[in-house]
Amino acid sequence: MARMRVGVLTGGGDCPGLNAVIRSVVRRGIAVHGMQIVGFADGWRGPLEGLTVPLDERRVQGIESVGGTILGSSRTNPAALPDGIERVRANLAAAGIDALVAIGGEDTLGVAAELARVGVDVVGVPKTIDNDLSGTDYTFGFDTAVNIAVEAFDRLRTTAESHHRTLVVEVMGRHAGWIALHAGLAGGATVTLIPEAPFDLDEVAAWVSACAATGRAPLVCVAEGAVPQETGLVTRDDSIDAFGHVKLSGIADRLAGQLERRTGIESRSVVLGHLQRGGPPTAFDRVLATRLGLCAIDSVAAAEFGVMAALHGTEVGTVPLTAAVGTLKTVPMDRYEEARVFFGT
Ligand code: F6P
């Protein structure tokens, strides 16, 4: 019997742990299921343009500790092209691909769900540092991003204390404030601002002043998508990507100036940006990514398609792809309330 040929791709913003999933899919796919694994380059651009990358057990040795993705990534959206989905389907067939493992977030898996709808055998793996994908308790990459942010907080605190300054720290999180919530709690933020709860500048200034009055340097943790009630979302420019997202960033800088004027305390801003997506994954993310990869390739072997590998509690299993896309998993207000008790300290 011919060996099953399985494609694998990584799409969207990269994220620590992608390589651990690839290793897991390749190792178990070949060693346990006797499959051939074919990489596709740069997210959906690979199947769209027929760009393949050879993968074998040797190629994936040791990559679990390496950030980024050996396959490359992009925000290419075939669904935005008139014949994009059909081209992907035709190129997969031309490459003799029997099934595809798509590793990505809301956008990448939205395309996977569309392909599943038109009859392509596809299994998803949830990835995003933002942790905003529905259908899974956690996405890999999130733990690494939070740890990087918390280390930054610990470092910024000492310099802020030395200079009696306020430091406003911007973390990623376009629609969901999970990174901000966790980093703010673990890093002892004076106030944490998330996209889900538009904030009042005067209230933030009052928390900053209250903290400074105790002799402590205020640290403000702000998600890039946090929204000032007065002005609305802060964007970098008017450009949008293939999935229709505007470029964010700039909220920390704006906030630092406004807080300095309101409180009279010298203020500085820091944007952590892509630092949060780079470098080696934490042990937690390596293990989670590995387990999700094993689950995905086992689903392919069992001919269970149109699903996504997911974490529920400590168990890894599958959910329908349609349950993962369409609605983002945002921070519930009761979780934000937990953090609010520390505001002003
Ligand atoms: O992957 C999601 C994300 O980390 C968002 O939080 C952020 O807005 C976006 O990526 C930025 O990605 P890029 O600059 O690579 O387009």
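The values are calculated or read from the model by the stated rules, or taken from the named source; none is laboratory data. Everything numeric in this text was worked out from a predicted model, so none of it was measured. All Cβ positions, glycine included, derive from the backbone under ideal geometry; neighbour counts span all protein chains shown. Please note that ligands, DNA and RNA were not included when accessible areas were found on the heavy atoms of the full protein model with its side chains. Shrake-Rupley method; radii C 1.70, N 1.55, O 1.52, S 1.80 Å.
The table below gives the values:
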read-out: Helix 106-117 axis, angle to the chain major axis (alpha carbon atoms, nearest 10°); value: 30 degrees
read-out: Accessible area per residue in Å² at 1.4 Å probe, computed on the chain; value: 40 Å²
read-out: Dimensions in Å of segment 1-74 - Rg and Dmax from alpha carbons; value: 11.9, 38
read-out: Estimated [θ] at 222 nm from DSSP helical runs (n ≥ 4, -39500 (n - 2.57)) normalised by residues in the chain, nearest 500; value: -12000 deg cm²/dmol
read-out: The chain: angle of helix 142-163 to the longest principal axis, Cα-based, in degrees nearest 10; value: 20 degrees
read-out: For segment 37-193, size of Cβ-based charge dipole, Lys and Arg +1, Asp and Glu -1, in debye; value: 300 debye
read-out: More than 22 angstrom apart: percent of Cα pairs within segment 50-130; value: 29 percent
read-out: Protection proxy ranking of 87-97, 217-227, 181-191 - average other beta-carbon atoms within 10 Å, highest first; value: 217-227, 181-191, 87-97
read-out: Value of relative contact order over segment 104-217, rounded to a whole percent, pairs C-alpha under 8 Å and six or more apart; value: 21 percent
read-out: P(r) histogram, all alpha-carbon pairs of the chain included - 10 Å bins from 0, percent; value: 6, 26, 30, 20, 12, 5, 1, 0
read-out: Residues of segment 245-283 with amide N under 19 Å of a point placed 7 Å along Cα→Cβ from A206; value: 258-265
read-out: Peptides 194-203, 302-311, 286-295 ordered by average Cβ neighbours within 10 Å, highest first; value: 286-295, 302-311, 194-203
read-out: Signed unit charges on C-beta, dipole axis of the chain, positive-most listed residue T166, I103, S24; value: S24
read-out: Between helix 84-94 and the chain: long-axis angle, C-alpha atoms, 0 to 90°, nearest 10; value: 40 degrees
read-out: Percent accessible area from carbon and sulfur atoms, segment 157-247, protein chains only, probe 1.4 Å; value: 53 percent
read-out: Peptides 229-236, 208-215, 69-76 ordered by average Cβ neighbours within 10 Å, highest first; value: 69-76, 208-215, 229-236
read-out: Whole-angstrom gap from segment 4-77 to segment 291-325, using each part's C-alpha centre; value: 17 Å
read-out: Whole-Hz couplings from phi, Karplus 6.51/-1.76/1.60, listed for segment 223-232; x for Gly and Pro; value: 6, 4, x, 5, 10, x, 4, 5, 10, x
read-out: Length added when fully stretched, T235-L328, from 0.36 nm per residue minus Cα-Cα; value: 31.5 nm
read-out: Accessible surface of segment 29-93, 1.4 Å probe, proportion on carbon and sulfur as whole %; value: 48 percent
read-out: Cα gyration tensor category, rounded, prolate or oblate, for segment 228-286 with a/c compared to 1.5; value: oblate
read-out: Segment 201-206 - phi-based ³J(HN,Hα) in whole Hz, Karplus 6.51/-1.76/1.60, Gly and Pro as x; value: 4, 5, 5, 4, 4, 5
read-out: Shape category assigned to segment 213-345 from the gyration tensor of Cα positions, a/c cut at 1.5; value: prolate
read-out: Other-chain or far-sequence residues with amide H under 5 Å of V271's (modelled H); value: E170
read-out: Relative contact order (%) - criterion: Cα under 8 Å, at least six apart; region: segment 1-154; value: 27 percent
